[in-house]
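The values are calculated or read from the model by the stated rules, or taken from the named source; none is laboratory data. From a predicted model like this one, the values you see are computed outputs, not experimental measurements. For neighbour counting, all protein chains shown are included, and Cβ atoms are generated from backbone atoms with ideal geometry for every residue, glycine included. Areas reflect the complete protein model, heavy atoms only, side chains present, ligands, DNA and RNA absent. Shrake-Rupley method; radii C 1.70, N 1.55, O 1.52, S 1.80 Å.
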Amino acid sequence: MTRRRTTRLRRTLLAGTTAIAVTAVTAGIVAAAQEPTKAAKGPELSLVAATNSVTLTSWKEDPGVYLDLGTYLIAEGRPLELKVTRKSYKDPVAVTQTMYEGGKAKAKKLPAGTVKDFSGLPGFSEITLTDKAGKKVLTRRESFCPNNASGRVRPDAPAKSKYPESCPTNPFTLGSMWGVEKGWAANTYAGSYGEPVQLPAGTYTARVGVAKQYRDLFGMADKAATVKVTVVERSDEGEEGSTGVAPRSAKAGEHAGHGAGHQAPTAHAGHGPGHAPSRAEAAAPVTSGAGPSYNVGHGPLKAAPPALPWALKKKQQSALSQQARDTRGQTDGSRQAPALEPLSKRPTGKASVPDVPKPDLRSLPAYGITISDGDKDVPGKDYLAFSANVWNAGPAQLVVDGFRSPGKAKMDAFQYFYDAKGKQVGYTPTGTMEWDPRPGHVHWHFTDFASYRLLKADKKETVRSGKEAFCLANTDAIDYTVKNANWHPYNTDLATACGEENSISVREVLDVGSGDTYTQDLPGQSFDITGVPNGTYYIQVLANPEKRLKETSLDNNSALRKIVLGGKPGKRTVTVPAHDLVNAN
């Protein structure tokens, strides 16, 4: 199994423990037909700078400087909460804000076109840089993900934010929750959704404000933050007299931690050897999502903006020693789903499938579709590589335990069922788990979770992927607006769920609202199209192909993605038409 993951850090951390000064700005959006005493109210939002000055590094081997200026959006009084959804892939993305009237939550639909996708509020921040002479050298607008790296700004604020840790990047996302908890601040840095800028070494003044359309929308004052910016140039090779330079962060396609919609980012805080600043991670390039990998994650899209700082601290400790292997997922522990610890013994009593809520596995259309040569492992071959996701629409978790008889090569797998209080009330046999010792795998696979097939234009099968065994992990936030969605899933990478070679039992969980993406980019996983004629085909992603897992519905387990093959042997091409309004290959 080769898995690609998207969420990695694209920012520098603020050095030290500089406090964020809070200046409350009275907000409140009053409907024209309402009396002031009955006005629906939102949060009191303000933009502040955590520090008066920052030092940014321009690495000579990189294309520019990343503008993490330490500016934050603070929510007081009430949280900023946005529900972002689309009814189907034929419908545009819409957003509603949670307002409060008489102490009760009320949905306020924001203007059509406010957001285009699930990456954040487009053009939220307005940044202007001037040089020493007062000459304007840069003007730009950047998106803002309210789920960005956050922190409390006062001691009586909620100890944990209830909102997810990043904005989703899967092109087939259906719903997301964005929010800044009350008494919290979210970094306005665009992370991987922004682009680096060309700035010579020197001193600048940055003015950061909120675009007028959002000030009007959220009732914010027109008050910008000003930060002194010092740009220094450095090289990976180090400089004479330097105390050392920390190893550079992993590039896209290398291992940099397994993050998805929830994964904590790779750390960067200038705490490398000798305390020399380590390289800020650049925005991940838009790749095919189907290149050779080392179990590094998934997806062709840019990574999500930074996640929460408490997870980031853990990540920082392991960043320098990271190798091409799995690392533990990160979570803030809030809203942790029940029943995550595997039992040590086989279930006892009679197997049964009780009348309780069950998971609903659904397939997403394939994406990250490209032609591959199999990484030169099999000369003279053409492969069709792609990424595929199966997600759980709920309303219950998918919980599968594997139990091993001593000395046996496989585990017997069982699906578990729970009542509304999280109490186990039943189980049923559901196949097997097998150990995969191959490099880049080295974990237990649950068999027959999904199947991938290349269908002819008449929808008849022509090629089947050999990939049908999986280690389940919550890599992507697909729809966090469905009932019982868990905004903080525990097992977000392979190490949290997939066991060791000497494991006697393994528990794999797919939480409600999350999906598991696999990138099929190696021979045996991708489709061998060497002898497949040019023409129109469909990639089918099929969940629960043997119907062994008990679900709410089996009618939505298949998804098709149309493609057109062309070219000549050794130089095959693939054209991927838009899937309704989703124009991602």
- Message: I'm checking my understanding of the structure. Among residues of the stretch 87-106 that are under 20 Å from residue 181 (Cβ atoms) and open to solvent by 80 Å² or more (accessible area, probe 1.4 Å), which one is modelled with the highest pLDDT?
- Response: 106
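What number of residues within the stretch 153-164 satisfy the criterion of being acidic (Asp, Glu) and buried (at least 22 other Cβ atoms within 10 Å of the Cβ)?
0
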- Task: Could you tell me which residue of the stretch 50-86 is most open to solvent (accessible area, probe 1.4 Å), considering only residues that are over 20 Å from residue 148 (Cα atoms) and in a strand (DSSP E or B)?
- Result: 55
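To keep it simple, each residue is scored yes or no on (1) out of contact with any His (no Cβ under 9 Å at 6 or more places or on another chain); (2) loosely packed, with under 13 Cβ neighbours inside 10 Å.
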site	(1), (2)
530	yes, no
555	yes, yes
562	no, no
582	yes, no
- So, of the residues in the stretch 472-507 that are at pLDDT below 85 and hydrophobic (A, V, I, L, M, F, W, C), which turns out to be surrounded by the fewest Cβ atoms within 10 Å (Cβ to Cβ)? 504
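If only one of 126, 142 is open to solvent by less than 40 Å² (accessible area, probe 1.4 Å) and among the charged types (D, E, K, R), which one is it?
When all the criteria are applied, what remains is 142.
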- Which numbered condition residue 80 misses (of (1) modelled with pLDDT under 60; (2) in contact with a helix residue (DSSP H, G or I) (Cβ under 8 Å, 6 or more places away or on another chain)): (1)
- Message: Whether any residue in the stretch 514-528 is at pLDDT 90 or above, closer than 22 Å to residue 168 by Cβ and either open to solvent by less than 50 Å² (accessible area, probe 1.4 Å) or not in a loop (DSSP other than H, G, I, E, B) (or both) is what I want to check.
- Response: yes
